[in-house]
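Read the structure below first, then the notes.
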Amino acid sequence: MRRKVLTIDTMNANVKKVEYAVRGPIVIRAVQLERCLEEGVKKPFDEVIKANIGDAQAMGQQPITFFRQVLALCTYPDLLESHKFPDDAKDRARRILQACGGHSLGSYTACAGVARDHNAGAVFKERRDGGISCDPDNIYLTTGASDGIVTMLKLLTAGEGRTRTGVMISIPQYPLYSAALAELGAVQINYYLNEEKCWSLDITELQRSHLAAKQLCNPRVLCIINPGNPTGQVQSRQCIEDVIRFAAKEHLFLMADEVYQDNVYAEGCAFHSFKKVLFEMGPEFSYIVQLTSFHTTSKCYMGECGLRGGYMEVINVDPEVKAQLTKLVSVRLCPPVPGQVVMAVSVQPPQPGEPSHAQFIKERTATLNDLAQKAKLTEDILNMVPGIRCNPVQGAMYSFPRITLPDRAVKEAKAKGQEPDMFYCMKLLDETGICLVPGSGFGQKDGTYHFRMTILPPADKLKILLSKVQEFHVRFLEQYSASA
Ligand SMILES: Cc1ncc(COP(=O)(O)O)c(C=O)c1O
């Protein structure tokens with residue numbers, strides 16, 4: 001018999017190294033438990049509450065009406081005759097359709113995105129970045145931010161052995177980064193965020209990790225997530241300046257993942273875009289530092305994860321490289337056009353005086369206020385539990401509390417070949433139906449344990465979730481601290 005061409009031994013070895021905790025074994029188990037409940041199997045809980053993934057609308061966040069109206073009109077233009085839609089939504093839909101091949105959303109767009117979206121992106125950036133100009137040719141529409149991040153990492157990865165591209169990523173990290181680096185065979189360089197200082201980024205730690213990595217590879221890229229996932233911190237302006245100075249000095253390409261830019265809750269914190277800070281630091285930096293920033297429809301008040309919209313802006317990248325980038329994205333034809341529509345509309349939402357403005361502001365404010373309250377609630381309740389310590393959730397959609405695990409639990413987990421926080425989260429899931437992600441899936445300092453939970457469940461469910469975690473943790477400590 002002929003052997004199969006594709007087997008686990010012959011497949012791409014880099015793919016086997018890829019891990020993605022957010023949808024890992026915990027979630028597989030959660031789905032099994034949901035099925036058991038549906039089939040009437042008795043469990044110590046009535047429902048599985050998922051707080052493992054930043055999927056806002058799956059957790060009840062409402063879409064913005066204006067965005068959906070424009071999308072509906074673009075998808076089914078007969079609705080342009082309907083009186084149920086406001087004029088500004090109709091105008092916007094007509095303009096978008098005008099820019100689509102055959103005036104239809106079903107046609108491919110230019111590979112970097114439908115032309116009008118380019119302009120919309122540019123307008124938004126200029127507004128957000130305090131009037132700093134934006135060249136529409138620097139904007140590439142993407143299939144969510146993930147696509148843009150992977151595309152840029154592809155462009156940047158080169159060399160062999162000691163000359164192989166090294167990419168600096170924060171630990172804890174969002175596992176898209178480690179997964180993409182594993183797939184591309186790039187070298188992952190870890191720099192650790194400072195948990196004691198609210199998960200802030202220390203330049204001395206960047207220096208340490210960069211210096212150590214230089215012995216092994218060619219560090220060329222520095223990735224920053226701000227506001228942070230999984231750690232929920234918001235970087236200060238000073239810190240961003242320091243990072244830019246460091247990138248300039250060490251000749252690093254900056255990748256700024258700014259997908260949570262509207263998700264800032266804590267008093268005294270504000271979002272500063274890397275681009276704005278870079279340009280305000282003057283030509284000494286703004287002419288030389290290469291930067292790409294990423295945005296998405298999936299986060300902020302939009303929460304339109306399933307539409308797969310996003311864009312990136314590349315700064316100080318040579319025209320020849322942009323031509324290569326355009327070629328690379330052209331191979332995949334174009335990002336989903338509904339996602340492009342929502343991205344375009346969200347960067348240029350209804351303006352004062354337009355019919356939909358008041359409702360847009362009301363809906364956006366309600367969503368962001370609700371998230372801010374849940375961020376505080378999460379921090380407050382978790383910090384009441386002995387053995388759990390949670391930094392303020394300054395932004396994004398997650399808390400990443402540290403959990404103390406008794407030695408006996410750690411030993412039992414290791415005997416089972418499990419990470420101790422995986423052991424903890426599995427037990428939590430089996431006993432309470434709460435689905436969280438172990439900190440080990442994001443990376444953490446050796447000997448420390450965490451879990452990541454989203455703040456997305458509706459407030460009543462979030463309270464139930466937090467009180468179940470509280471009870472479980474106390475029980476867990478009792479069970480494993482008692483002498484055997
Ligand atoms: C920091 C960060 N970057 C990028 C992404 C990718 O999002 P998407 O591809 O849906 O835009 C996520 C998703 O959770 C994220 O948290």
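Read the figures in this text as sums done on the coordinates, not as results from a lab. As the structure is a prediction and not an experimental result, all values here were calculated from the model. With ideal geometry, Cβ positions are generated from the backbone for all residues, glycine too; neighbour counts draw on all protein chains shown.
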Can you tell me, using C-alpha contacts under 8 Å and at least 6 residues apart, the relative contact order of the chain as a whole percent?
21 percent
The chain: antiparallel DSSP beta bridges as a percent of all, rounded to 5:
50 percent
Using Cα pairs under 8 angstrom and six or more residues apart, how large is the relative contact order of the stretch 94-347, in percent?
25 percent
Rounded to the nearest 0.05, FRET efficiency between Ala72 and Ala358 (Cβ-Cβ, R0 22 Å) equals 0.65
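Roughly how many debye, to the nearest 20, is the charge dipole of the chain about its Cα centre, given +1 on each Lys and Arg Cβ, -1 on each Asp and Glu Cβ, and no other charges? Could you put the intermediate results ahead of the total?
On the way: 55 positive and 53 negative charges, 230 e Å.
Here the size comes out at about 1100 debye.
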Loop only per DSSP, at most 10 neighbouring Cβ atoms within 10 Å: give me the GluC sites (Glu not before Pro) in the stretch 1-53, ordered by residue number.
Glu39
Between the modelled labels at Leu328 and Thr204 (7 Å from Cα along Cα→Cβ) the distance in nm is 3.6 nm
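Can you give the helix-only mean residue ellipticity at 222 nm for the chain, where every DSSP H stretch with n ≥ 4 adds -39500 (n - 2.57) and the sum goes over all residues, rounded to the nearest 500 deg cm²/dmol?
-13500 deg cm²/dmol
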Please return the longest range in the chain lying between exposed loop sites, taking trypsin sites (Lys or Arg not before Pro), DSSP loop only, at most 12 other beta-carbon atoms within 10 Å, and leaving the sites out.
85-331
Most exposed to least, judged by fewest other Cβ atoms within 10 Å, Phe67, Phe472, Phe442 sort to Phe472, Phe442, Phe67
Please report, in debye to the nearest 20, how large the charge dipole of the stretch 94-347 is about its Cα centre when each Lys and Arg carries +1 at its beta carbon and each Asp and Glu carries -1 there.
520 debye
Kindly put Val41, Val437 in sequence by how many other C-beta atoms sit within 10 Å of each C-beta, fewest to most.
Val41, Val437
Given Ile288, Tyr398, Thr7, which one lies farthest toward the positive end of the charge dipole of the chain, if we put +1 on the Cβ of every Lys and Arg and -1 on the Cβ of every Asp and Glu?
Thr7
Taking all pairs of distinct Cα atoms, average 1/r, flip it, and tell me the Kirkwood hydrodynamic radius of the stretch 127-212 in Å to one decimal place.
15.1 Å
Are there chymotrypsin sites (Phe, Trp or Tyr not before Pro) in the stretch 219-317 that DSSP puts in a loop and that have at most 13 other Cβ atoms within 10 Å, and which ones?
Tyr287
Pairs to check: Lys376/Lys414; Lys50/Lys445; Lys42/Lys414; Lys197/Lys414. Give those whose C-alpha atoms are more than 32 Å from each other in this structure.
Lys376/Lys414
Given H placed 1.01 Å from N in the peptide plane, which residues other than close sequence neighbours of Ile171 have an amide H under 5 Å from its amide H?
Tyr191, Tyr192, Leu193
Please order Thr378, Thr157 by the number of other Cβ within 10 Å, starting at the fewest.
Thr157, Thr378
Any idea which of Phe271, Pro136, Leu211 is furthest toward the positive side of the dipole for the stretch 94-347, if Lys and Arg beta-carbons carry +1 and Asp and Glu beta-carbons -1?
Pro136
